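Some notes on the structure that comes next.
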Amino acid sequence: IVWGQQHIPSGLAAILNAATAIFTVLIAAVLFADERLTANKAAGVAVGFIGVVVIVGTDALTHLDITSWGQIAMIGAAFSYAISSAFARVFLRGLCPEVSAAGMLTASALVMVPLALWQDGLPTLAYGAASWAALVYLALMSSALAYVIFYRVLTLAGAGNLQLVTLLVGPVAVAMGAVVYDEALAANEYAGFAIIALGLLLIDGRILRRFSA
């Protein structure tokens with residue numbers, strides 16, 4: 001995600017992250033009897049993949065550039081998130097959310113800290129206050145607290161339902177990217193997000209049931 005976001009707008013990164021829910025539904029349907037692929041979910045997955053194709057575009061597959069690789073990196077991250085949700089449901093069942101989050105973040109740090117030191121060297125106090133504040137926020141709020149909530153919701157709602165939260169991430173990130181970074185997304189990217197959002201609503205199914213009632 002970090003590498004991909006260096007080459008594509010933050011709003012686009014968040015939109016592609018919504019593919020997490022699509023991948024999660026497919027993986028959960030294979031692994032869990034209580035999350036089987038219903039007709040609504042299958043239709044939602046198909047529509048969602050169409051949305052991803054609309055965003056990335058066919059040119060990205062024939063003329064790979066750094067922007068294309070940034071988008072592919074985000075899709076790979078979404079797929080990894082989907083696998084992690086299924087893994088957590090199988091192997092972390094019964095653990096309290098705080099223990100699950102602490103174990104995951106500690107293991108991730110053991111992998112990433114040596115790589116970061118090798119690649120970028122030691123951190124320096126020359127970083128500005130805004131950079132340190134961003135690091136603290138990412139560590140405490142966006143990671144530690146977020147993953148406590150993540151594992152709690154995973155236990156209560158299941159892997160497929162959990163990743164529907166990505167439906168909210170897209171519009172918030174697009175709005176913040178426009179306000180903070182003056183980002184402007186292309187028409188196909190907005191269209192792709194609308195298609196992905198429709199796919200997620202089909203997967204969820206509650207809105208369709210409300211209209212059909």
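Just a few scattered comments:
- For the chain, the equivalent ellipsoid derived from the alpha-carbon gyration tensor has semi-axes of 29, 24, 16 Å in decreasing order.
- Each helix, a run of at least 4 DSSP H residues, gives -39500 (n - 2.57); summed and divided by the residues of the chain, these come to -24500 deg cm²/dmol at 222 nm.
- For the Cα trace of region 1-104, dividing Rg by the Kirkwood Rh returns an Rg/Rh value of 1.04.
- The stretch between L168 and L140, if pulled fully straight at 0.36 nm per residue, gains 8.0 nm over its current Cα-Cα span.
- Rounded to the nearest 20 debye, the dipole size of the chain about its Cα centre is 800 debye, using +1 on the Cβ of Lys and Arg and -1 on the Cβ of Asp and Glu.
- In region 1-58, the ratio of gyration radius to Kirkwood radius, Rg to Rh, stands at 1.07 when only Cα atoms are counted.
- Taking all protein chains into account, the per residue accessible area for region 1-79 stands at 46 Å² (1.4 Å probe).
- The calculated FRET efficiency for the pair W3 and A42, based on their C-beta separation and a Förster distance of 30 Å, comes to about 0.40.
- Inter-label distance, nm, simple model (7 Å from Cα along the C-beta direction), A107/V53: 3.5
- Residue ranges 135-143, 7-15 sort as 7-15, 135-143 when ordered by packing (mean number of other C-beta atoms within 10 Å per residue, highest first).
- A157-A184 pseudo-label distance in nm [points 7 Å out on the Cα-to-Cβ vector]: 3.5
- Taking only protein heavy atoms and a 1.4 Å probe, the accessible area of region 29-140 is 74% carbon and sulfur.
- For peptides 120-127, 71-78, sequence by mean Cβ density within 10 Å, most packed first: 71-78, 120-127
The values are calculated or read from the model by the stated rules, or taken from the named source; none is laboratory data. Keep in mind that what you see is a predicted model, and the values were worked out from it rather than measured. Ideal geometry is used to build each Cβ from the backbone, glycine not excepted, and the neighbour counts take in all protein chains shown. We work out accessible area using only protein heavy atoms, side chains counted, and drop any ligands, DNA or RNA first. Shrake-Rupley method; radii C 1.70, N 1.55, O 1.52, S 1.80 Å.
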